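Enquirer: One structure coming up, written as structure tokens, with questions to follow.
Computed from the coordinates by the stated procedures, all read-outs in this text should not be read as laboratory data. In this text, all values refer to a predicted model and were calculated from it rather than measured experimentally. In this analysis, Cβ positions are derived from the backbone assuming ideal geometry, glycine residues included, and neighbour counts consider all displayed protein chains.
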Amino acid sequence: MSAAKPIGVFDSGIGGLTVVRALLKELPHENIVYFGDTARVPYGPKSPQVVREYALQDTEVLLQHNPKLIVIACNTVSAVALDVVQKRAKVPVVGVILPGAEAAVKASRKKRVGVIGTLGTVRSNAYTNAIRQLDESVQTFGQACPLFVPLAEEGWTDHKATELIAKEYLFPLTLEKIDTLVLGCTHYPLLKAVIGKIFHDNIVLIDSGEATAVSVKRMLEESGLRNTSTMKPRLQFFVSDVPHKFSEVGERFLGQKLGKVQRVGGFSA
Ligand code: DGL
């Protein structure tokens with residue numbers, strides 16, 4: 001198995017680019033192939049059965065590029081479909097839930113952790129279960145924040161409307177005296193400032209993408225699969241629809257220009 005092979009990353013759409021950003025920070029020389037299912041996004045409101053079906057199809061796209069490891073950047077997919085992807089892939093598969101849960105348990109002094117995400121992620125209780133397995137004395141408080149996804153994509157990261165919506169969603173969590181909050185969705189790191197403000201910046205925000213990147217780095221090192229090349233990595237982006245929009249909006253999520261984005265056919269809503 002060659003260390004030069006790419007890391008495969010997939011997501012329901014554009015949000016997974018925040019995870020790619022975190023990966024590039026930890027592992028600046030890794031080649032990456034990304035697939036975003038922009039034809040069928042969002043996955044958040046969909047049933048676990050449909051998300052599992054979609055996740056397998058997304059995995060097939062990545063497997064054509066012969067990755068050495070697959071990262072499921074999407075929290076919703078990681079929450080309900082990690083097992084099916086692991087079974088299919090035959091290479092190591094990392095989801096964002098366990099790394100995010102580990103970081104939260106480590107950070108929380110009061111053992112009171114909030115978890116925000118899509119409806120699918122919060123309903124699945126995946127973060128709660130993972131946190132409880134690590135430390136059963138930690139109490140968790142979940143809240144779905146579905147409107148954060150379109151707001152982040154619109155770039156309304158410091159808009160009055162976003163502040164109002166954030167207040168509405170997060171008020172119940174402010175009453176629970178949490179000291180740590182898991183940003184359990186690919187889009188939420190873009191809203192860190194607005195979210196932090198609701199808690200008077202008195203809380204640890206866990207970026208599950210960043211925690212995942214650290215965990216991927218450790219896995220690659222332990223298995224001798226880390227790319228030791230010092231060359232600029234090859235980044236390839238594939239989507240199932242509207243590549244030009246992905247390229248435009250994606251720049252804000254990735255923190256750099258994306259270059260060419262290619263469309264993969266055969267995906268329809
Ligand atoms: N990528 C999804 C997640 O992290 C958010 C967007 C969606 O609902 O598909 O859960």
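Enquirer: Across 10 Å bins from 0, what is the distribution of all Cα-Cα pair distances for the chain, in whole percents?
Expert: 7, 32, 37, 20, 4, 0
Enquirer: Which order do peptides 186-192, 53-59, 13-19, 150-156 fall in by mean Cβ count within 10 Å, highest first? Before the final figure, lay out the partial values.
Expert: Values: 186-192: 22.7, 53-59: 20.6, 13-19: 28.3, 150-156: 16.7.
With the highest mean Cβ count within 10 Å placed first, the list reads 13-19, 186-192, 53-59, 150-156.
Enquirer: Just order 22-35, 117-130 by mean Cβ neighbour count inside 10 Å, highest at the front, would you?
Expert: The most tightly packed comes first, giving 117-130, 22-35.
Enquirer: Taking the Cα centroid of segment 144-172 and of segment 28-68, what is the distance between the two, rounded to the nearest whole Å?
Expert: 25 Å
Enquirer: Over 21 Å between Cα atoms, which of Lys46/Lys260; Lys160/Lys197; Lys25/Lys68; Lys25/Lys110; Lys90/Lys217 qualify?
Expert: Beyond 21 Å between Cα atoms: Lys46/Lys260; Lys25/Lys110.
Enquirer: Then there is this: For segment 1-149, give the magnitude of the charge dipole about the Cα centre (Cβ charges: +1 Lys/Arg, -1 Asp/Glu; no others), in debye to the nearest 20.
Expert: Once rounded to the nearest 20, the dipole reads 360 debye.
Enquirer: On C-alpha positions alone, give me the angle between the axis of helix 17-26 and the longest principal axis of the chain, in degrees, nearest 10.
Expert: The answer is roughly 80 degrees.
Enquirer: Here is a further query. Regarding segment 188-269, what's the average projected area of the Cα-atom convex hull, expressed in nm²?
Expert: If I average the Cα hull's projected area over directions, I get 8.6 nm².
Enquirer: On a C-alpha basis, how far is the centre of segment 203-257 from the centre of segment 93-135 in Å? Whole number, if you could?
Expert: The two parts, judged by their Cα centres, are 21 Å apart.
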